[in-house]
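Below is one structure, written out as C-alpha cells; comments come after it.
The values are calculated or read from the model by the stated rules, or taken from the named source; none is laboratory data. This is a predicted model, so every value here is computed, not measured. When we count neighbours, we look across all protein chains shown, and the Cβ atoms used for this are built from the backbone with ideal geometry, even at glycine.
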Amino acid sequence: MTIALDITEFALLIAWFVVFYLAYASKYIAKPSVTYKQIEGESMADSLTYEISAGPVVDADVVKRLLTLVVDGETLGTSELPASAADKLSVFSVNQGSTVVLTLVDVDDAGNESVPAVVEFVAADTLPPAQPHGLGVTLVGENLEHKVD
C-alpha cells in the first residue's frame, strides 16, 4: 500500500505536527524560571547553556527558595521556587566570558532568610568536541616489488 502526498499536503502535515508538538511541549515541559536576555548585536553562537541545581532544604520550616541570576553585574531575575525545589532548578544561557553570580536563599514560614549560597564564575567553554569516529584502515592492494626475503 502506497500513500502519495503532494508537496502542499506534506507541508500541511509537517506544519500540523510542529504546531501540535509546540502546544504539547509548552503545556507539559516546565519553562525555566530564570532566563537570560540576549545582549543586542552579540552572536548567540558563542553562548553557553548551564543547568542550576541545588540540594534539598535543610530545615522543615522552609516555605520557599529565592534564586537570583546576575550576569556582568546586571540582575536578570529572581525566581521564587517552592521549598521542594531541588536538583534541577533552572537552565540559562550566557555569552562566553560573562561573569555569572547565582544566589540561592531559603525563606522560612516566619519570613526569615538564610545566609545565601553563592556561586560565581566566568562562563567558559570547557567541553571538548566529541571524539571523532569512523577512523579505519583498509588494505587496498599488495606490492610484490618490495618483498622482504
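Please go through region 112-149 and give me each residue that is in contact with a Leu (Cβ under 8 Å, 6 or more places away or on another chain) and either among the aliphatic types (A, V, I, L, M) or buried (at least 16 other Cβ atoms within 10 Å of the Cβ) (or both), ordered by number. Answer for region 112-149, where residues must be in contact with a Leu (Cβ under 8 Å, 6 or more places away or on another chain) and either among the aliphatic types (A, V, I, L, M) or buried (at least 16 other Cβ atoms within 10 Å of the Cβ) (or both): Ala117, Val118, Val119, Ala123, Ala124. For region 73-92, the tally of residues that are under 19 Å from the mean Cα position of the chain (by Cα), surrounded by fewer than 16 Cβ atoms within 10 Å (Cβ to Cβ) and modelled with pLDDT of 90 or more stands at 1.
Regarding Val70, is this residue buried (at least 16 other Cβ atoms within 10 Å of the Cβ) and either touching a helix residue (DSSP H, G or I) at 6+ places or on another chain (Cβ under 7 Å) or within 25 Å of Pro128 (Cβ to Cβ) (or both)? Don't jump to the end; show me each part of the working.
On the way: buried (at least 16 other Cβ atoms within 10 Å of the Cβ): yes; either touching a helix residue (DSSP H, G or I) at 6+ places or on another chain (Cβ under 7 Å) or within 25 Å of Pro128 (Cβ to Cβ) (or both): no.
Here the answer is no, as Val70 does not meet what is asked.
Taking (1) more than 15 Å from the chain's Cα centre (by Cα); (2) touching a residue at least 40 places away in the same chain (Cβ under 8 Å); (3) crowded, with 16+ Cβ neighbours inside 10 Å in turn, Asp109 satisfies each apart from (3). When Thr138, Thr126 are screened for being under 16 Å from Thr49 (Cβ atoms), β-branched (Val, Ile, Thr) and without any contact (Cβ under 8 Å) to a residue 24 or more places away in the chain, only Thr126 passes.
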